[in-house]
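Engineer: Supplied in structure tokens, the structure appears directly below.
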Amino acid sequence: MTLKILGISGSLREKSVNTRALRAAGAVMPAGMQLEIADYGDVPLYNQDLQDRGIPPAVERLRAAIESADGVLFASPEYNFSISGVLKNAIDWVSRTSPQPFKGKPVAIMSATSGLWGGARHQYELRKILGSMDALALVKPEVLINLALTKFDADGQLTDANTLKTITDQMAAFRDWIVRLQPRD
């Protein structure tokens, strides 16, 4: 059985270090895991008037991708001590769909920032938000990629051995977390 992992980057930028971190995670996932990175750049800004007219197709696609995944891996920058606006907006939309796809969903979190803290405050905020929707967040190992621009080469490849090891360890723990949470017959 292959575990389907949906990667969600908190940055829509083409050369995002967080999207690069997701790709690095996909490359070191244990056998039996497969990563797909969500494309949600067309999710509109949340507006109750839009919701009243029906869930937009872009939101429904993201909801369906989350629902069909065995686990969701987030990688996001920290903006103003919190999560990025595009990620918060996407989560706000998806939280209003039915069925709400984060309930009982195993999730893991990484962050890559240019600062020294590596996105720790972002991770705290994201865990709080996901917890309110009954997502099941992997606690450790934490992946906090600080000074991220120095850890990827010009082609977007992760070159820092310590960071790669931490991501590898997290992906093994994420696999075990997902398997442990799966219903037993």
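Engineer: Please report, ordered by residue number, every helix of the chain (full DSSP H runs) that is 27 Å or longer along its axis going by C-alpha atoms and whose mean Kyte-Doolittle hydropathy reaches -0.5.
Structural biologist: Correct list, ordered by number: 161-181.
Engineer: Now a separate question. Summing +1 for each Lys or Arg and -1 for each Asp or Glu, what net charge is found among the other residues whose Cβ lies under 14 Å from the Cβ of residue 82?
Structural biologist: Once all neighbours under 14 Å are counted, the net charge is +1.
Engineer: Something else: Taking 25 Å as R0, compute the FRET efficiency from the Cβ-Cβ separation of residue 180 and residue 147 and round it to 0.05.
Structural biologist: Efficiency, rounded to the nearest 0.05: 0.15.
Engineer: Only bridges with both residues in the chain count here: give the DSSP antiparallel percent, nearest 5. Show your work: numbers first, answer last.
Structural biologist: Working: 2 of 21 bridges.
Taking every DSSP beta bridge within the chain, about 10 percent pair in antiparallel fashion.
Engineer: Based solely on its DSSP helices, what 222 nm [θ] is calculated for the chain when runs of n ≥ 4 H residues each add -39,500 (n - 2.57) and the sum is averaged over all residues, nearest 500 deg cm²/dmol?
Structural biologist: Calculated at 222 nm, the ellipticity per residue is -12500 deg cm²/dmol.
Engineer: Given the Cα atoms of the range 3-181, and with Rh set as the inverse mean 1/r over their pairs in the Kirkwood sense, what is Rg to Rh to two decimals?
Structural biologist: Ratio of gyration radius to Kirkwood radius for the range 3-181: 0.95.
Engineer: Which one, 137, 149, 47, projects farthest toward the positive side of the charge dipole computed for the chain from Cβ point charges (K/R +1, D/E -1)?
Structural biologist: So the residue furthest toward the plus end is 137.
Engineer: Label point 7 Å out from residue 96 along Cα-to-Cβ: which residues of the range 57-71 have amide N under 17 Å?
Structural biologist: 57-64
Engineer: Tell me, what is the percent relative contact order of the chain, built from C-alpha pairs under 8 Å that lie six or more residues apart?
Structural biologist: 25
Engineer: Something else: In nm, to one decimal, how far is the residue 4 label point from the residue 160 one, both placed 7 Å along Cα→Cβ?
Structural biologist: 3.3
Engineer: Going 7 Å from the Cα of residue 81 along its beta-carbon direction, which residues of the range 115-150 have the amide nitrogen within less than 15 Å of the resulting point?
Structural biologist: 117, 119-126, by backbone N distance to the label point.
Only the coordinates and a few stated rules stand behind these numbers; no lab work does. All of these numbers come straight from a predicted model, not from anything done at the bench. Here Cβ is always computed from backbone atoms with ideal geometry, including for glycine, and neighbour counts include all displayed protein chains.
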